[in-house]
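Bear in mind these aren't lab numbers, they're just calculated from the coordinates by the rules spelled out. Please read these numbers as outputs of a predicted model, since none were measured by experiment. No Cβ is skipped: glycine too gets one built from the backbone with ideal geometry, and neighbour counts run over all protein chains shown.
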Amino acid sequence: MKSEDRPDRYDLLDNESIRSILKNRKTQFLFQLPAVMFLVLVVFAGFFGIQNSNRSLVTNSVWVIWWSLLIISLAVAGRVWCLMCPFGAIGDWVQRRTFYKKVNDTFSLNRKLPVKFRNLSLAAVFFLVITWADFQFNLVNSPLNTAYFIVALLGLIVIISIIFERRSFCRYVCPITGLIGLYSMFAPFELRAKEKETCKTCKEKYCISGNENGYACPVFEYPGTMDKNNHCVLCTECIKTCHRNNISFNIRSFAGDLFTLTKIRMDEALFILILLGVTIFQTLIMIRPWVGFTRDLMVYTGASYDSVRFILFITAAVVPVLVYSIAIGTSKLLDIKISFKDIFTGYTYSIIPLGLMMHLSHNIRHLLEEGTGIIPVLSDPFGFGWNLFGTSGYIPAPLLNINNILLIQWLMMLVGLGFSVSVGKNISRRMFHGSDSAYIPVLIFVLIFFVFNLWVLGQPIMHKH
Ligand code: SF4
Ligand code: SF4
């Protein structure tokens, strides 16, 4: 039904069936259980199954299927993955010592994370380390290393859940929380308070404290002021605890958060730029000209392949920050009324749609060209010679030819560019007194990355799998 206060939103919780499903304490568990069971299978396959990445359940299901679907899901549904994430589930189960019931005592020291870490700094470092580890230990091609990685991550989340309160890991440490949070601002769904005024006058604030129906928000959000998707892990606890039924789960337009943004943060701004660089780097290292380029650099500098790749990786993460700083310095010259920090932070959010579509266009190629590799694997998940569904002899073939994939990628890039420009102009209007001149250098920055990524996408590729 259309919300009367916000006619551009449809609240799915106005539907009684959906509301009662989401109020049920078992619902999240029913999403988490299959995910945890699959994770166990994946770890088993990594340790004891076939190590050929083309035939492995681990590499096909995690790095081709899951990772591609995750990025797609962020664009179309937001942080819905977090609702079922097996890592978050295991952290919760250990901490609460129950699968879905509401208990008062938790198995945790409930320490608060130091204030200086309550931002994206730990997540950014972790994200860069994991991305680097992917290159260094060839995670995407190694079932065994992927299994080690999953077990190490599980160990970390269990330790953090036992020491720190609620889902401190998900909010501040998870290596993909920054990426998931920022991309989910584009999604056409949002969980929000129906009426902020009702929250203001609410004395109990059970969404913050929890009650007999549910837990306090595990990621320290307060629906009364929440205005973007970044941190909400869609656990549905506030739907259960709010005694005034003041939570809505809305369908809205794409990029809704970006068009209404009011709270901007430097840690998010830097993460957006680093993510942009890392995304391009991940595509760059797969194209054929990359091989010649790195070989020439090795000959010229006398450095090893690992050193050259490491330096280029760090360069890729830093270059967007530097180029963007130059663009913002120029914006500042064109409009001296705005502070450098505000203009730097504010406009980075306009880059999110383009960055997301660059990421999507990279992963959609993996999915369309390599996704069918899962078909024979499902029949023989461990490489033991089984044929469970009669498909173990299937020879994987791309779902689309390269020209059609390229067309889809270019369309995605155009959609990203369109949204980015539209959000940028909206930010100019709302935050910077309609200063179009301040936006021009940012627009040039966006166009440079757009054109460069189009060129990268058009290059012949060397598949990881
Ligand atoms: S979401 Fe519900 S419980 Fe929380 S402050 Fe608003 S009205 Fe109160
Ligand atoms: S805002 Fe509500 S749904 Fe989102 S994480 Fe907090 S309690 Fe869960």
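From the Cα gyration tensor of the chain, with a ≥ b ≥ c the square roots of its eigenvalues, which class applies: rounded if a/c is under 1.5, or else prolate if a/b is larger than b/c, or else oblate? Here the chain falls in the oblate category. Listed by chain and number, the aspartates and glutamates whose C-alpha is less than 15 Å from the C-alpha of LYS101, apart from same-chain residues fewer than 8 away, are ASP92, GLU212, GLU237. Which of the lysines could a cross-linker bridge to LYS337, judged by Cα under 25 Å and excluding same-chain residues fewer than eight apart? Cross-link targets: LYS263, LYS425. Taking every alpha-carbon pair under 8 Å whose residues sit at least 6 apart, the chain reaches a relative contact order of 18 percent.
Paramagnetic label reach from ILE444 (point 7 Å along Cα→Cβ; backbone nitrogen cut-off under 17 Å): within region 322-357, residues 322-336, 344.
For region 302-445, the Cβ-based charge dipole about the Cα centre amounts to some 620 debye (Lys, Arg positive; Asp, Glu negative; other atoms uncharged).
Listed peptides 163-170, 23-30, 357-364 appear in the order 357-364, 163-170, 23-30 once ranked by packing, highest mean of other Cβ atoms within 10 Å at the front. Where both bridge residues fall in the chain, DSSP classifies roughly 90% of the beta bridges as antiparallel. The charge dipole of the chain, taken about its Cα centre with unit charges on the Cβ atoms of Lys, Arg (+1), Asp and Glu (-1) only, comes to about 1020 debye. Of all complete DSSP H helices in the chain, those with a Cα span along the helix axis of 20 Å or greater and a mean Kyte-Doolittle hydropathy of -1.0 or more are 26-48, 121-136, 143-163, 266-284, 288-301, 305-334, 352-370, 402-431, 436-457. Fewest-first ordering of MET266, MET431, MET185 by other beta carbons within 10 Å of each residue's beta carbon gives MET266, MET431, MET185. Can you find, among THR260, ILE21, THR98, the residue farthest towards the positive end of the dipole of the chain? Put +1 on the C-beta of Lys and Arg, -1 on that of Asp and Glu. Looking along the dipole axis, the top candidate is THR98.
What you get for region 76-154, charging only the Cβ of Lys and Arg (+1) and of Asp and Glu (-1), is a dipole of about 480 debye around the Cα centre. Each of THR225, ILE287, CYS242 was scored by the projection of its Cα onto the charge dipole of region 204-357, and the greatest displacement toward the positive side belongs to ILE287; charges sit on the C-beta of Lys, Arg, Asp and Glu. Ranking ILE440, TRP455, LEU273 by how far each Cα lies toward the positive end of the dipole of region 264-457 (charges on Cβ) leaves ILE440 at the top. Would you tally the net charge around PHE117, using a Cβ to Cβ cut-off of less than 12 Å, leaving PHE117 out, and scoring K and R as +1, D and E as -1? So the environment of PHE117 carries a net charge of +4.
With contacts taken as Cα pairs under 8 Å and at least 6 residues apart, region 223-369 reaches a relative contact order of 30 percent. When both region 411-465 and region 156-199 are represented by their alpha-carbon centers, they are found 27 Å apart. Taking each DSSP H run with n ≥ 4 as -39500 (n - 2.57) and averaging over every residue of the chain yields -18500 deg cm²/dmol at 222 nm. With neighbours defined as other Cβ atoms within 10 Å of a residue's Cβ, the residues TYR300, TYR172, TYR394 order from fewest to most as TYR300, TYR394, TYR172. Sequence-distant contacts, meaning Cα pairs under 8 Å at least 6 residues apart, place the relative contact order of region 264-457 at 27 percent.
At what distance in angstrom do the alpha carbon centres of region 345-397 and region 203-228 lie from each other? Going from one Cα centre to the other spans 36 Å.
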